[in-house]
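Asker: After the structure tokens below, expect a handful of questions from me.
The values are calculated or read from the model by the stated rules, or taken from the named source; none is laboratory data. Remember, it's a predicted structure, so these values are computed and weren't measured experimentally. Cβ: placed from backbone, ideal geometry, glycine included. Neighbour counts: every protein chain shown. For the accessible areas, the whole protein counts, side chains as well, though only heavy atoms, and no ligand, DNA or RNA atoms are used. Shrake-Rupley method; radii C 1.70, N 1.55, O 1.52, S 1.80 Å.
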2 protein chains.
Amino acid sequence: MPESAHAQPVVGIIGGMGPEATVQLMARLIARTPARDDADHVHVIVESNPKIPSRIAHLVDGTGEDPTPELVRIARNLERAGATFLAMPCNTAHGYAPAIGAAVGVPLLNMVELTTARVQALVPRGRVGLLASTAVHKTALYRHAFAPHGLQVALPEDQAAVMALIQRVKRGDTGPAAAAELARLAASFGGTIDCLLIACTELSLLTFALPQQPPWVDALEVLTEAILARALPTVGAVVADAT
Amino acid sequence: MPESAHAQPVVGIIGGMGPEATVQLMARLIARTPARDDADHVHVIVESNPKIPSRIAHLVDGTGEDPTPELVRIARNLERAGATFLAMPCNTAHGYAPAIGAAVGVPLLNMVELTTARVQALVPRGRVGLLASTAVHKTALYRHAFAPHGLQVALPEDQAAVMALIQRVKRGDTGPAAAAELARLAASFGGTIDCLLIACTELSLLTFALPQQPPWVDALEVLTEAILARALPTVGAVVADAT
């Protein structure tokens with residue numbers, strides 16, 4: 001009998017980018033699981049290494065250490081520890097997703113591709129306001145993913161303010177004032193976009209104060225649902241119906 | 001040069017008992033760390049397996065499967081993955097701590113012993129109201145740890161209400177009404193105790209509404225500080241000063 005007939009799904013989380021986003025993903029996995037007792041929840045193995053070399057320093061400044069070797073080491077470590085598939089709650093780090101995926105024998109859920117599919121279903125060929133790190137813009141991570149679907153990327157007027165907010169979250173401020181700043185940045189697109197995309201897991205911690213218009217998609221939420229769809233077949237059916 | 005001069009501390013967390021308590025420990029580690037950027041945080045490897053056989057069913061009912069083999073497997077898995085010390089955010093599971101500690105080559109921080117030392121420092125030879133699972137009472141986990149220090153355990157009048165509250169948290173209710181129920185159970189000891197001990201990590205999620213009197217100790221908070229003291233020497237000094 002093949003191993004998969006016996007093996008329970010175990011999600012391996014490549015974490016620490018930042019640590020809060022990793023914890024937020026774990027908390028959302030719990031909150032979105034209809035559970036009556038511990039055993040209903042998902043089996044998770046996490047390596048949260050906050051000392052993974054900065055993706056931003058490497059991709060934007062071009063001076064920082066390449067994080068690929070450490071990301072690959074963690075992915076292999078999680079596979080060896082028993083993970084049957086991997087997820088990485090950091091949009092910027094998906095610039096390294098091909099290298100990570102090639103280094104392991106288990107699938108890596110690609111948050112950027114999953115999020116692109118969600119956006120496409122919501123606003124086909126739409127114009128999408130992208131709130132993300134400068135490294136995501138510079139590597140054109142979403143621009144490349146969007147292109148085959150005819151989706152367009154709109155950049156915020158004040159990218160420096162976006163980076164300042166990301167750094168603020170990394171210093172531990174996820175309070176109402178920080179959330180209001182995210183809402184202000186969202187509003188700054190005016191009527192020029194069809195949809196807003198929150199594509200930085202630090203900013204995902206601040207979505208609680210976002211208005212419903214324009215409609216928005218949070219990449220971390222898309223990843224959460226994709227993990228549950230794979231790990232909990234029943235929940236997966238529910239999520240698929242709702243999509 | 002000794003290994004410790006090179007090796008960065010990596011805490012391995014034996015988690016999933018329940019999953020919320022594991023996430024809460026990780027969130028507290030982040031919140032208690034004075035961080036200016038990701039890299040200031042602690043390197044953590046977590047295996048959160050919510051399907052570890054029930055400690056309560058094994059210890060109280062005497063019918064359930066023995067969780068020892070799975071706890072030992074996880075501890076060894078974390079050691080192999082690179083953990084330099086281990087922690088287990090579940091009071092009840094500390095009944096198996098000797099078996100786990102004997103199976104690995106890295107230290108397991110013992111939450112029960114650490115908490116006993118904290119209580120002893122706060123109320124020497126005091127009478128301590130113990131809010132914990134029935135399994136903790138039945139195995140006399142804290143009674144045995146307290147005895148050499150002359151500390152006494154006081155049990156709540158309504159242990160069934162304590163267990164109902166623990167199950168309520170495991171179903172996902174950590175709201176104000178659940179927290180008010182913890183405060184009611186705390187008050188039910190009246191003036192008969194010198195200190196209250198929250199010794200169930202589900203109940204640790206509800207301490208936000210506890211009054212300051214009687215003074216209380218939360219075992220999960222003690223474990224959080226002990227992990228930081230070991231993983232971040234600077235913070236450790238601060239914590240030690242404050243104790």
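Asker: Which distances, shortest first and in nm, link A:L122 to the matching position in the other copies, using label points set 7 Å out along Cα to C-beta?
Answerer: With the label placed 7 Å along Cα→Cβ, A:L122 yields 4.5 nm.
Asker: Out of the total accessible area of chain B (probe 1.4 Å, heavy atoms of protein only), what percent is carbon and sulfur?
Answerer: Result for chain B: 55 percent of the exposed heavy-atom area is carbon or sulfur.
Asker: So how much accessible area does A:H43 have, in Å² to the nearest 10, using a 1.4 Å probe?
Answerer: Surface open to solvent at A:H43 totals about 30 Å².
Asker: While we're here: How crowded by other chains is A:31-38, given as the mean number of beta carbons from other chains within 10 Å of each beta carbon?
Answerer: 5
Asker: Hey, another quick one. Between B:H144 and B:A187, what is the spin-label point distance in nm, taking each point 7 Å from the Cα along the Cα→C-beta axis?
Answerer: Inter-label distance under the simple model: 3.6 nm.
Asker: Also: In peptide B:50-57, how many Cβ atoms from other protein chains are near each Cβ within 10 Å, on average?
Answerer: 3
Asker: Tell me which residues come under 5 Å, amide H to amide H, from A:V153 once H is placed; ignore anything under 5 positions away on its chain.
Answerer: Here A:V128 satisfy the definition.
Asker: Separation of region A:131-155 and region B:1-71 by C-alpha centroid, Å?
Answerer: When both Cα centres are located, 37 Å separates them.
Asker: Can I ask one more? Hey, can you grab everything whose amide H is under 5 Å from the amide H of B:C195? Only 5+ residues off in sequence or another chain; H modelled, so Pro and N-termini drop out.
Answerer: Long-range HN contacts for B:C195: B:R127, B:G129.
Asker: Using protein chains only (no ligands, no nucleic acids) and a 1.4 Å probe, work out which residues of region B:158-174 have their accessible area cut by at least 50 Å² relative to the chain alone.
Answerer: B:K170, B:R171
Asker: Send over a whole-number figure in Å² for the accessible area per residue of chain B, probe 1.4 Å.
Answerer: 40
Asker: What is the distance, in nm, between label points placed 7 Å from the Cα along the Cα-to-Cβ direction at A:A102 and at A:D61?
Answerer: Computed distance between label sites A:A102 and A:D61 equals 2.7 nm.
Asker: Total accessible area buried between chains A and B, 1.4 Å probe, in Å² to the nearest 100?
Answerer: The contact between B and A buries close to 2800 Å².
Asker: I've got another one for you. Check which residues have an amide H placed less than 5 Å from A:F85's amide H, if you skip close sequence neighbours.
Answerer: A:V10, A:G12
Asker: Mind checking which lysines have their Cα closer than 28 Å to the Cα of A:K170? Skip sequence neighbours fewer than 8 apart in that chain.
Answerer: Cross-link targets: A:K51, A:K138.
Asker: Which order, highest average first, do B:205-213, B:181-189 follow once you tally other Cβ atoms within 10 Å for each residue and take the mean per peptide?
Answerer: So the order, starting with the most tightly packed, is B:181-189, B:205-213.
Asker: Let me ask something else about it. Ordering A:D38, B:D194 by how much accessible area each has at a 1.4 Å probe, largest first, what is the list?
Answerer: From most accessible down to least: B:D194, A:D38.
Asker: Could you grab the Rg to Rh ratio for the protein assembly as shown? Cα atoms only, Kirkwood for Rh.
Answerer: Dividing the radius of gyration by the Kirkwood radius yields 0.98.
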